[in-house]
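Let me begin by presenting the structure, written as structure tokens, before commenting on it.
The values are calculated or read from the model by the stated rules, or taken from the named source; none is laboratory data. Predicted model only: the values in this text are computed from it and were never measured. Quick reminder, even Gly has a Cβ in these numbers, built from the backbone with ideal geometry, and neighbours come from all protein chains shown.
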Amino acid sequence: MLTTTIHVDLPQNAYQVAIAPGAIAQLGQHLTPLQLSPRLLLVSDENVFPHYGEVAVASLQAAGFAVATHIFPAGEPHKTLASIQQLYDTAHTHRLERRSTLLALGGGVVGDMTGFAAATWLRGVNFVQVPTTLLAMVDAAIGGKTGVNHPQGKNLIGAFYQPRAVIIDPQMLATLPRREFRAGMAEVIKYGVIWDADLFDQLAAASQLDRYDAVSPALLQTILSRSCQAKAAVVRQDEKEAGLRAILNYGHTVGHAVESLTHYKKFVHGEAVAIGMVAAGAIAQQLEFWTAKDNARQLDLIAKAQLPTQIPDNLRVADILTALQSDKKVQAGRVRFILPTAIGSVQITAQVPTDPLARVLVACGAAA
């Protein structure tokens, strides 16, 4: 299958997203046109590196790179400033210079942390994303959002810092745990709801969406390319989330609150986003932003991907409302929600009254 190239056309930091089956074994060749300096630090985690670290390092070395590695413990609980400090220590040990490169080989957590380190080490070094999860391929690796979590909220510490390139190898999804594949599908469904009604229809027509080997190579290529195109189109128009880009947080408002209140241990990110999309869809229906039929279509698609739809019943509405106040999208003390108006279209609003919001949270499983 040929490489699909998507251009992220930004005024100062344009780059390409390459979707190329087998790319991990040709990683060095993909980076050669960027004319990077030889010194490179490959950052991964203890789950991904045993699968792909050796082949990635070999390809990079064959292309002339001097490669060092830094391996994080896997998982959201390690997405902290303490982990970043350890990465800085490795960067210092290997004498990374301003023209050196940090390469993220992993999912969204690895990409977010590596990008933040790249943005801040020596006030900015080269950064390359090689995402290994569906969620990272369609969302986290594109657009330049980097960061770590604060104890009081997700991604409260970070920077906008664009990569030099994003290299996506769909074949790496073959080793992705089924739960993580489903979690990534939540972000794909998100793009269908907020931007691309045709993508939504193609997902709705698929027989299964819950595992890699149930999705045809052609549909997977469509999922990756259409999702990346949607993300690139939004980022081109609003690189630093002054307005439109906030729609990419559909499902994330309640989702982030659920993640934070469950200490990032009960749900992986995409699962929390799915719960958040269910809540957002229900709020939109209550406020008559969209129809019951469209809301039901979203629920059906989330169910097809076998994603969770309920807030844990040990989370209290009052605690969720408090957590929402820590959301990055809060302006003048008001929580901004991204709510659907039709399949393929959403709007941003801070006009969500507390009473219907509380009713939806209870209907989604939260304790009153």
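Values for this structure:
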item	result
Single unsatisfied condition, Tyr15 versus (1) hydroxyl-bearing (Ser, Thr, Tyr); (2) surrounded by 17 or more Cβ atoms within 10 Å (Cβ to Cβ); (3) over 20 Å from Ile142 (Cα atoms)	(3)
Residue match in the stretch 179-189 (condition: of a type in the set (Gly, Ala, Ser), in contact with a Lys or Arg (Cβ under 9 Å, 6 or more places away or on another chain), at pLDDT 95 or above and surrounded by 19 or more Cβ atoms within 10 Å (Cβ to Cβ))	no
Residue among Ala368, Ala342, Ala358, Ala350 that alone is surrounded by fewer than 22 Cβ atoms within 10 Å (Cβ to Cβ), touching a residue at least 12 places away in the same chain (Cβ under 8 Å) and not assigned by TED's automatic domain parsing to the domain that holds Gln208	Ala368
In the stretch 96-142, the residues that are within 20 Å of Pro73 (Cβ to Cβ) and of a type in the set (Val, Ile, Thr)	Val109, Val110, Thr114, Val130, Thr132, Thr133
Every residue from the stretch 65-111 that is in contact with a His (Cβ under 6 Å, 6 or more places away or on another chain) and farther than 28 Å from Val268 by Cβ	Ala68
Residues (of a type outside the set (Phe, Trp, Tyr) and buried (at least 24 other Cβ atoms within 10 Å of the Cβ)) located in the stretch 126-139	Val128, Gln129, Val130, Pro131, Thr132, Thr133, Leu134, Leu135, Ala136, Met137, Val138, Asp139
Condition broken by Leu199, with the remaining ones in (1) free of Cβ contacts under 8 Å to residues at least 12 places away in the same chain; (2) touching a helix residue (DSSP H, G or I) at 6+ places or on another chain (Cβ under 6 Å) satisfied	(1)
Matching residues, the stretch 213-252, being of a type in the set (Ser, Thr, Tyr) and touching a residue at least 40 places away in the same chain (Cβ under 8 Å)	Ser225, Ser227, Tyr250
Selection from the stretch 219-245 of residues that are part of a helix (DSSP H, G or I), among the aliphatic types (A, V, I, L, M) and more than 16 Å from Ile142 (Cβ to Cβ)	Leu219, Leu220
Meets criteria (in contact with a helix residue (DSSP H, G or I) (Cβ under 6 Å, 6 or more places away or on another chain), among the hydrophobic types (A, V, I, L, M, F, W, C) and over 16 Å from Thr114 (Cβ atoms)) for Val43	no
Filtered residue count, the stretch 1-30, keeping only those that are part of a loop (DSSP other than H, G, I, E, B), more than 20 Å from the chain's Cα centre (by Cα) and farther than 22 Å from Phe160 by Cα	5
